[in-house]
Amino acid sequence: MEVYSIVTDQLNILNGIVKRNGAKLHHVKPHGALYNMAAKNTGLAHVIARAVKDFDPSLIYYGLSGSKMIAMAKEEGLQTANEIFADRTYQPDGSLTPRSQSNALLSSTNDVAKQVMKFVKENKVTAVTGDEVIVQADTICIHGDGKYAVEFAKAIYQQLYEK
């Protein structure tokens, strides 16, 4: 239950900040290592989804496309958004390439735009092995702290509106 408490505490803190600024929390997304672990671990994914549901069942739960996170959130009755990553590479099982590997991040604007257009047109991503992986994309993540985030966003916007 420690994860449940941590997630609940973070949701309360975040919601306080949001309310103080006159806004309303719309969606929630686990971050970083927790996100990557929950994508593959049913038990962890279930605890997080339960904490979100108990906190506010109207929140949209963002999770890696096709992951345990999405499955457990749906099981809890939460509305979900399958997330894909514009600037990350994928493994053949649909998981993200660990950041500990040198090929985890895309750094070419052309590669990012090409990957997003493949998501949009084919519901697929090409894994680092060359395998095609089927994905569902409701939302696209670009890491805002990335060196080329602004350039990536501009290129994706341009590609989406040209096609």
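Which residue out of 100, 65, 95, 58 is closer than 30 Å to residue 8 by Cβ and in contact with a helix residue (DSSP H, G or I) (Cβ under 8 Å, 6 or more places away or on another chain)?
Working: 100 fails: in contact with a helix residue (DSSP H, G or I) (Cβ under 8 Å, 6 or more places away or on another chain); 65 fails: in contact with a helix residue (DSSP H, G or I) (Cβ under 8 Å, 6 or more places away or on another chain); 58 fails: in contact with a helix residue (DSSP H, G or I) (Cβ under 8 Å, 6 or more places away or on another chain).
After ruling out the rest, the residue left standing is 95.
When you check residue 97 against the structure, is it touching a residue at least 60 places away in the same chain (Cβ under 8 Å) and either under 22 Å from residue 69 (Cα atoms) or surrounded by 12 or more Cβ atoms within 10 Å (Cβ to Cβ) (or both), yes or no? It would help to see each step written out before you state the result.
Numbers: touching a residue at least 60 places away in the same chain (Cβ under 8 Å): no; either under 22 Å from residue 69 (Cα atoms) or surrounded by 12 or more Cβ atoms within 10 Å (Cβ to Cβ) (or both): yes.
In short, no.
Here are some conditions: (1) touching a helix residue (DSSP H, G or I) at 6+ places or on another chain (Cβ under 7 Å); (2) surrounded by 14 or more Cβ atoms within 10 Å (Cβ to Cβ). Residue 70 meets all but one. Which one does it not meet?
Going through (1) touching a helix residue (DSSP H, G or I) at 6+ places or on another chain (Cβ under 7 Å); (2) surrounded by 14 or more Cβ atoms within 10 Å (Cβ to Cβ) one by one, residue 70 breaks only (1).
Going by the structure shown, is residue 116 assigned to a helix (DSSP H, G or I), hydrophobic (A, V, I, L, M, F, W, C) and crowded, with 16+ Cβ neighbours inside 10 Å? Talk me through it step by step, then tell me what you get.
Working: assigned to a helix (DSSP H, G or I): yes; hydrophobic (A, V, I, L, M, F, W, C): yes; crowded, with 16+ Cβ neighbours inside 10 Å: yes.
Judged against the criteria, residue 116 is a match.
Anything in the stretch 73-90 that is outside any strand (DSSP E or B) and buried (at least 16 other Cβ atoms within 10 Å of the Cβ)? List them, or say none.
Within the stretch 73-90, the subset outside any strand (DSSP E or B) is 73-78, 86-87, 89.
Selection gives 73, 76, 78, 86, 87, 89.
Go through the stretch 29-67 and give me each residue that's in a loop (DSSP other than H, G, I, E, B), closer than 27 Å to residue 88 by Cβ and not small (Gly, Ala, Ser). Reasoning before the result, please.
Restricting attention to the stretch 29-67, the residues satisfying the condition of being in a loop (DSSP other than H, G, I, E, B) are 29-31, 41, 56-59, 65-67.
Adding the requirement that they be closer than 27 Å to residue 88 by Cβ leaves 29-31, 41, 59, 65-67.
29, 30, 31, 41, 59 - these are the residues of the stretch 29-67 that are in a loop (DSSP other than H, G, I, E, B), closer than 27 Å to residue 88 by Cβ and not small (Gly, Ala, Ser).
Being closer than 17 Å to residue 4 by Cβ and in contact with an Asp or Glu (Cβ under 6 Å, 6 or more places away or on another chain) narrows it down to one of 81, 49, 73, so name that one. Full working, then the answer.
Numbers: 81 fails: closer than 17 Å to residue 4 by Cβ; 73 fails: in contact with an Asp or Glu (Cβ under 6 Å, 6 or more places away or on another chain).
Within the list 81, 49, 73, the selection yields 49.
Filtering the stretch 125-163 down to residues that are in a strand (DSSP E or B) and under 18 Å from the mean Cα position of the chain (by Cα), which residue is surrounded by the fewest Cβ atoms within 10 Å (Cβ to Cβ)?
Applying the first criterion (in a strand (DSSP E or B)) to the stretch 125-163 yields 125-126, 132-134, 139-141.
Narrowing further to those that are under 18 Å from the mean Cα position of the chain (by Cα): 125-126, 133-134, 139-141.
Values: 125: 23, 126: 15, 133: 18, 134: 11, 139: 14, 140: 17, 141: 15.
Ranking the qualifying residues of the stretch 125-163, first place goes to 134.
Could you count how many residues in the stretch 100-110 are of a type outside the set (A, V, I, L, M) and either surrounded by 15 or more Cβ atoms within 10 Å (Cβ to Cβ) or at pLDDT 95 or above (or both)? If you could, list the steps in order and put the result at the bottom.
Step one: of the stretch 100-110, the residues of a type outside the set (A, V, I, L, M) are 100-103, 107-110.
Remaining after also requiring either surrounded by 15 or more Cβ atoms within 10 Å (Cβ to Cβ) or at pLDDT 95 or above (or both): 109.
Final tally of qualifying residues: 1.
If you scan the stretch 2-28, which residues turn out to be in contact (Cβ under 8 Å) with a residue 24 or more places away in the chain and outside any helix (DSSP H, G or I)?
Within the stretch 2-28, 25, 26, 27, 28 meet the criteria.
The values are calculated or read from the model by the stated rules, or taken from the named source; none is laboratory data. Here the structure is a predicted model, which means the values were calculated and not measured. Note that we place each Cβ from the backbone using ideal geometry, even for glycine, and neighbour counts take in every protein chain shown.
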